[in-house]
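**Student:** Below you'll find the structure I mean.
The values are calculated or read from the model by the stated rules, or taken from the named source; none is laboratory data. As the structure is a prediction and not an experimental result, all values here were calculated from the model. Glycine also receives a Cβ, built like all others from the backbone with ideal geometry; neighbour counts cover every protein chain displayed.
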Amino acid sequence: MEKESICSHCGKQKKLIGHGLCCACYHRERRKRLGVGGEVRKEGFTVSVDFTPMAFLLEELKKRAGAELRDVGPQILWELNKNVGAGPC
Ligand SMILES: [Zn+2]
C-alpha cells in the first residue's frame with residue numbers, strides 16, 4: 001500500500017499522497033491553491049470532503065472518533081488541528 005515513488009514536484013523519492021506529489025509538496029500546492037483568490041471566511045466555513053479516493057482514511061477517522069467518543073466531524077477538525085502547519089510529516 002505504502003510504496004514510494006518520485007514526487008513530480010520536488011523529484012525526491014517519497015511516499016506520494018496525491019496528484020503524484022509527496023506530502024510536503026501536496027500540502028504546499030494545496031495551500032497555494034486555497035490562498036489564491038477567493039474569500040475564505042474563518043467562521044462557518046463548511047467543506048464537503050469526498051473520501052472515496054482515500055476511503056481507508058475515513059475508516060481510520062471513524063475508528064479514532066469512536067475511541068474518543070466524538071462524532072466524525074469534530075474528529076476531523078481535531079486531526080487537522082494536530083497536523084496543519086505542524087511541519088514536515
Ligand atoms: Zn515533493
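**Student:** Let me confirm something: among LEU61, LEU77, LEU57, which residue is assigned to a helix (DSSP H, G or I) and at pLDDT below 85? Please lay out each step first, then the result.
**Tutor:** Working: LEU61 fails: at pLDDT below 85; LEU57 fails: at pLDDT below 85.
Testing whether each residue is assigned to a helix (DSSP H, G or I) and at pLDDT below 85 leaves just LEU77.
**Student:** Return the pairs, sorted by first residue and then second, in which the second residue is in a loop (DSSP other than H, G, I, E, B) and at pLDDT below 60, the first residue lies in region 74-89 and is under 21 Å from LYS14 (Cβ atoms), the beta carbons are less than 8 Å apart, and the residues are 6+ apart or on different chains.
**Tutor:** Cβ pairs passing all conditions: ASN83/CYS89.
**Student:** Filter region 9-26 down to residues that are more than 14 Å from PRO53 (Cβ to Cβ) and in contact (Cβ under 8 Å) with a residue 24 or more places away in the chain and give me whichever is farthest from the ligand (Cβ to nearest atom).
**Tutor:** Of all residues in region 9-26, those more than 14 Å from PRO53 (Cβ to Cβ) come to 9-15, 22-25.
Cutting the leftovers down to in contact (Cβ under 8 Å) with a residue 24 or more places away in the chain gives us 23-24.
Values: CYS23: 8, ALA24: 6 Å.
Going through the qualifying residues, I end up with CYS23.
**Student:** Oh, and also: Filter region 51-78 for residues that are under 23 Å from LEU16 (Cα atoms) and acidic (Asp, Glu); which is surrounded by the most Cβ atoms within 10 Å (Cβ to Cβ)?
**Tutor:** Applying the filter and picking the extreme gives GLU60.
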